[in-house]
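Visitor: One structure, pasted below without further comment.
The values are calculated or read from the model by the stated rules, or taken from the named source; none is laboratory data. Keep in mind that this is a model prediction, so the values were computed, not measured. Here the Cβ is made from the backbone with ideal geometry for all residues, glycine too, and neighbour counts use every protein chain on show.
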Amino acid sequence: MKILHIDSSILGENSVSRQLSQAIVQQLTAKNSNAQVDYLDLAQQPIPHLTAEILMGQDAEQAALGEKIIQQYIDADVVVVGAAMYNFGLTSTLKAWIDRISVAGKTFKYTEQGPVGLAGEKKAYIASSRGGVYGDNSPADFQEDFLKTIFNFTGVNDVEIIRAEGVSMSEFKDQAVANAMQKIQAI
Ligand SMILES: Cc1cc2nc3c(=O)[nH]c(=O)nc-3n(C[C@H](O)[C@H](O)[C@H](O)COP(=O)(O)O)c2cc1C
C-alpha cells in the first residue's frame, strides 16, 4: 500500500492538522506493515506556483517535478492531507500542489458526458483543522469543500474528513482534538 502524506501548516509542532495527519498515517501503517509512505512538507519545501512557462512546458526542471508529483498522486492508494484553514480556504502551498496535479489528460479528462477523473481508485483523508466552528455545510467553508471537490474531480470519491474545529478557542481545542483522535483510532 502506497500512502501519500501531505502537510502544509506553517506552525510546525504546534500545528493541529499535522498532529492529525501524522496520527492517521501512524494508524494506517500500524495496520499495513507493507505500507510505503511518501511525505510532502509543503511548508518546508513548497512546490513553485504554476507559471505560464510551466503551463506551456517551457521549464524542463519544473516539467519534471510536475510529472513526478502527478505520478506520486496517481500511484498512491491512500492520500492523507493535513488541511489547515487559512482565510476560509487552504494554505497557498497546498493550493500550489493542487494547481500542479490538476492536469487535463493526467488526472482528469473532458468527455461528451462531462469531466471524468483519472487519478485511480484510492481513499483520501482530509485532516482538517480550523480556528472557528463551521460544521458541515457552512457557506464560509472554502477549505474542506474545495479539497473534497478536487479529489472528486480527479476521480477520488472515497473522501473521509477528520476534523478538529474551534481550535483557536481554548475552551474547545482539547476536546476537538481528542474527538478527532478518537475517530482516527477507529480507522
Ligand atoms: C494565516 C492564518 C489564517 C487563518 N484563517 C482562519 C480562518 O479564516 N478561519 C478560521 O476558523 N481559522 C483561521 N485560522 C486559524 C487556523 O485555522 C487554526 O489555527 C488551525 O489550527 C490551523 O491549522 P494548523 O494548526 O495545522 O496550523 C487561521 C490561522 C492562520 C495562521
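Visitor: Which condition number in (1) within 11 Å of the ligand (Cβ to nearest atom); (2) of a type in the set (Ser, Thr, Tyr); (3) in contact with a Gly (Cβ under 6 Å, 6 or more places away or on another chain) is the one that residue 134 fails?
Guide: Condition not satisfied by residue 134: (3).
Visitor: Let me confirm something: among 50, 4, 20, which residue is more than 16 Å from the ligand (Cβ to nearest atom), touching a residue at least 60 places away in the same chain (Cβ under 8 Å) and either closer than 19 Å to residue 183 by Cβ or in contact with an Asp or Glu (Cβ under 7 Å, 6 or more places away or on another chain) (or both)? Working first, answer last.
Guide: On the way: 50 fails: touching a residue at least 60 places away in the same chain (Cβ under 8 Å); 20 fails: more than 16 Å from the ligand (Cβ to nearest atom).
Only one candidate passes the filter, namely 4.
Visitor: Applying the selection to region 79-108, what residues are touching a strand residue (DSSP E or B) at 6+ places or on another chain (Cβ under 8 Å) and either in contact (Cβ under 8 Å) with a residue 60 or more places away in the chain or within 14 Å of residue 18 (Cα to Cα) (or both)? Walk me through it before giving the result.
Guide: Within region 79-108, the first condition is being touching a strand residue (DSSP E or B) at 6+ places or on another chain (Cβ under 8 Å), and the residues that meet it are 79-85, 90-92, 94-95, 97, 102, 104, 107-108.
Within region 79-108, 79, 80, 81, 82, 83, 84, 85, 90, 91, 94, 97 meet the criteria.
Results for (1) within 16 Å of the ligand (Cβ to nearest atom); (2) at pLDDT 95 or above, shown as yes or no for each residue.
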position	(1), (2)
36	no, yes
41	yes, yes
66	no, yes
73	no, yes
84	yes, yes
116	no, yes
121	no, no
130	yes, yes
141	yes, yes
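Visitor: Give just the number: which of (1) surrounded by fewer than 21 Cβ atoms within 10 Å (Cβ to Cβ); (2) more than 16 Å from the ligand (Cβ to nearest atom); (3) in a helix (DSSP H, G or I) does residue 13 not satisfy?
Guide: (2)
Visitor: Having 1 or more residues that are without any contact (Cβ under 8 Å) to a residue 12 or more places away in the chain, buried (at least 16 other Cβ atoms within 10 Å of the Cβ) and under 19 Å from the mean Cα position of the chain (by Cα) is the bar; report the strands (runs of 3 or more DSSP E) wholly within region 109-187 that clear it. Give the steps one after another, and end with the answer.
Guide: Working: elements: 114-117, 123-130, 158-165.
Hits in region 109-187: none.
Visitor: Taking region 16-58 as the region of interest, how many residues are crowded, with 16+ Cβ neighbours inside 10 Å, in a loop (DSSP other than H, G, I, E, B) and among the hydroxyl-bearing types (Ser, Thr, Tyr)?
Guide: The qualifying residues number 0.
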